[in-house]
Amino acid sequence: MRTSVYAALKDDIIACRLMPGTELREPEIAARYSVGRSPLREALLRLEAEGLVVIVPRQYCRVAPISLRDAADMFGLRRVLEPEAARLVARTADDAARTRLLAVAAGDEAADFIDDNRRFHCTLASLAPNRRLGASCVEIIEQSDRLVRVSLAQIEGRRPDLLIGEHRAIADAVVRGDARTAARLLRAHIDAAETRVLSALRRAAVID
């Protein structure tokens, strides 16, 4: 129960079904997820540790707001971690891992692009032989979804097809075993995403 309410709350926060700044009243949240207050409080404490919830004892609990500084910090961390994961995967991936990565990079026209994008980045990170590195990448990638969903309406010149093309180029480099190119392409991909998202967030009304 503790794990399920934590996972459900986290998913709703990242998917922006619970928007930044939303007040989380314990009775309402407990009823929404059909859970008691004790496991709910444990879940909220875990989410607070991950920076997704703000808890002020005896006052309020709310979904953490989004700030430009925090968004920039997330992209900065991704710029450090993900290219290293890609470099390791390019050097160590077996045939099954390469096949899986290429399949995910191909994209799914029927899927929500944000979900598709997360799936590619998380798959690549999870293939890294350093499990702690992969887990750290996955956590920050998932949290980045919230930035994109909040800013999506403000992003100018959206071209999911171009982004899928970038995914394919990164995957191709990994499959060839070209670690340097894979890391370079992924770093450029993250840089471009940061420029788009931060520009959009500056125009959005839900940031601190």
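The values are calculated or read from the model by the stated rules, or taken from the named source; none is laboratory data. None of the values given here were measured: they were computed from a predicted structure. In this analysis, Cβ positions are derived from the backbone assuming ideal geometry, glycine residues included, and neighbour counts consider all displayed protein chains. SASA here: full protein model, heavy atoms, side chains in, ligands and nucleic acids out. Shrake-Rupley method; radii C 1.70, N 1.55, O 1.52, S 1.80 Å.
For (1) within 25 Å of Asp115 (Cβ to Cβ); (2) surrounded by fewer than 15 Cβ atoms within 10 Å (Cβ to Cβ), each residue gets a yes or a no:
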{"residue": "Ala8", "(1), (2)": "yes, no"}
{"residue": "Asp12", "(1), (2)": "yes, no"}
{"residue": "Cys16", "(1), (2)": "yes, no"}
{"residue": "Glu26", "(1), (2)": "no, yes"}
{"residue": "Ser34", "(1), (2)": "no, yes"}
{"residue": "Arg37", "(1), (2)": "no, yes"}
{"residue": "Arg46", "(1), (2)": "yes, no"}
{"residue": "Gly51", "(1), (2)": "yes, yes"}
{"residue": "Val54", "(1), (2)": "no, no"}
- Task: Looking only at the stretch 157-180, count how many residues are open to solvent by less than 50 Å² (accessible area, probe 1.4 Å), in contact (Cβ under 8 Å) with a residue 24 or more places away in the chain and either in a helix (DSSP H, G or I) or in contact with a Cys (Cβ under 8 Å, 6 or more places away or on another chain) (or both).
- Result: 9
- Taking Leu44 as meeting all but one of (1) in a loop (DSSP other than H, G, I, E, B); (2) farther than 16 Å from Val148 by Cβ, write down the number of the exception. (1)
- Tell me, yes or no, whether the stretch 71-78 has at least one residue that is under 27 Å from Ala15 (Cα atoms), open to solvent by less than 20 Å² (accessible area, probe 1.4 Å), in contact (Cβ under 8 Å) with a residue 60 or more places away in the chain and outside any helix (DSSP H, G or I). no
- the stretch 119-155: number of residues that are in contact with a Cys (Cβ under 6 Å, 6 or more places away or on another chain) and under 16 Å from Ala182 (Cα atoms): 1
- Which residues, counting only those in the stretch 95-139, are open to solvent by 30 Å² or more (accessible area, probe 1.4 Å), of a type in the set (Ser, Thr, Tyr) and free of Cβ contacts under 8 Å to residues at least 24 places away in the same chain? Thr99, Ser126
- Message: Within the stretch 58-70, does at least one residue satisfy the condition of being among the acidic types (Asp, Glu) and open to solvent by less than 50 Å² (accessible area, probe 1.4 Å)?
- Response: no
- Item | Criterion violated by Cys137 - all others in (1) closer than 29 Å to Ala64 by Cβ; (2) modelled with pLDDT of 95 or more; (3) in a loop (DSSP other than H, G, I, E, B) satisfied | (3)
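Within the stretch 67-92, can you find the residues that are among the small types (Gly, Ala, Ser) and either touching a Pro at 6+ places or on another chain (Cβ under 7 Å) or farther than 19 Å from Arg203 by Cα (or both)? Quick ask: steps written out before the conclusion?
So in the stretch 67-92, the residues among the small types (Gly, Ala, Ser) come out as 67, 71-72, 76, 85-86, 90.
Hits for the stretch 67-92 are Gly76, Ala85, Ala86, Ala90.
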